[in-house]
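The values are calculated or read from the model by the stated rules, or taken from the named source; none is laboratory data. Because the structure is predicted, anything quoted here is derived from the model rather than measured. Neighbour counts run over all protein chains shown; Cβ positions are idealised from the backbone, glycine included.
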Amino acid sequence: MKIGILGTGMVGTTIGSKLVALGHHVTLGSREAGNEKGAAWAAKAGANASHGTFATAAAEAEVLFNCTNGGSSVAAIEAAGAANVRGKVLVDVANPLDFSRGMPPTLLVANNDSLGERIQKAFPEAKVVKALNTVNCEIMVNPGRLSGDTDTFVCGNDADAKARVAEILRGFGWKSVVDLGDITAARGVEAYLLLWIRMMGAVGTPHFNVKIVR
Ligand SMILES: NC(=O)c1ccc[n+]([C@@H]2O[C@H](COP(=O)([O-])OP(=O)(O)OC[C@H]3O[C@@H](n4cnc5c(N)ncnc54)[C@H](OP(=O)(O)O)[C@@H]3O)[C@@H](O)[C@H]2O)c1
């Protein structure tokens, strides 16, 4: 499958490398075509990896991942082009964190709105699925490194898009993908970051996750 990743940070490159390893063709996108991190990643990741602008990454892709800074995600997708995201599954892993007043961060949007919803509203023809934002990127693509099975979440308005994303997540090694409902559930998984950051401090590693015990 052709997959476009918006974002050249640790999340975009980690997910990109995993997708290439699984046999997909991946283009990483950034603001500038000559972005150093994108070029370095593509040079290392192999023949099925390339890089370019946000628009290049989105144009040919069947599925897109938003791995940009949460405060800039809508701008990044605008740069990718509304026509290039139309009708496509857009996996939103971003968190709307504001570090401008130091640690711990606050949320740029919360309570009765979320970044996932803002993206869906700004790009109504994209099929936005919020996923993977509740774990560190190394766990996103390798949940098996944890000592037990844990849960990951999806939410979004399109059932087929969520099923497609769940299949990708199973390919990453996730055994339990919990569907939380429509895109308004992004309010919960984004606000969970406030707890996640405190838990990271308490357990002393970003490599952990939660499990729902009934
Ligand atoms: N770190 C984790 O393990 C983790 C876990 C869960 C969720 N997340 C979320 O995943 C996302 C990516 O995290 P990250 O640490 O890999 O990267 P990041 O540093 O948060 O974001 C990097 C990307 O954002 C783009 N960007 C920054 N400012 C922009 C602007 N003004 N307009 C358009 N694009 C802009 C950059 O574009 P250029 O390429 O052009 O520089 C770059 O591609 C974040 O939302 C983060 O909260 C992270």
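Could you tell me whether Glu117 is within 13 Å of Ala186 (Cα to Cα), at pLDDT 95 or above, of a type in the set (Asp, Glu) and away from the ligand (no atom under 14 Å from the Cβ)?
yes
Here's a check for you: in the range 16-44, which residue that is closer than 22 Å to Glu167 by Cβ and out of contact with any strand residue (DSSP E or B) (no Cβ under 6 Å at 6 or more places or on another chain) is surrounded by the most Cβ atoms within 10 Å (Cβ to Cβ)?
If we take residues in the range 16-44 being closer than 22 Å to Glu167 by Cβ and out of contact with any strand residue (DSSP E or B) (no Cβ under 6 Å at 6 or more places or on another chain), then Lys18 is surrounded by the most Cβ atoms within 10 Å (Cβ to Cβ).
From the list Asn157, Asn111, pick out the single residue that is under 24 Å from Arg198 (Cα atoms) and not aromatic (Phe, Trp, Tyr).
Checking each option against the conditions leaves just Asn111.
If you check Val109, Val210, Val178, Val154, which single one turns out to be surrounded by fewer than 17 Cβ atoms within 10 Å (Cβ to Cβ), touching an Asp or Glu at 6+ places or on another chain (Cβ under 9 Å) and either of a type in the set (Phe, Trp, Tyr) or closer than 30 Å to Gly87 by Cβ (or both)?
After applying the criteria, what remains is Val178.
Would you please name the residue that is surrounded by the fewest Cβ atoms within 10 Å (Cβ to Cβ), looking only at residues in the range 135-147 that are more than 7 Å from the ligand (Cβ to nearest atom) and part of a loop (DSSP other than H, G, I, E, B)?
Only one residue fits best here, namely Ser147.
Determine whether Asn48 is in contact with a Gly (Cβ under 9 Å, 6 or more places away or on another chain) and of a type outside the set (Phe, Trp, Tyr).
The answer is yes for Asn48.
Looking at Val189, Val203 in this structure, which one is more than 17 Å from the chain's Cα centre (by Cα) and among the hydrophobic types (A, V, I, L, M, F, W, C)?
After applying the criteria, what remains is Val203.
So is Phe172 over 17 Å from Leu19 (Cβ atoms) and of a type in the set (Phe, Trp, Tyr) or not?
No; evaluated as a whole, the condition is false for this residue.
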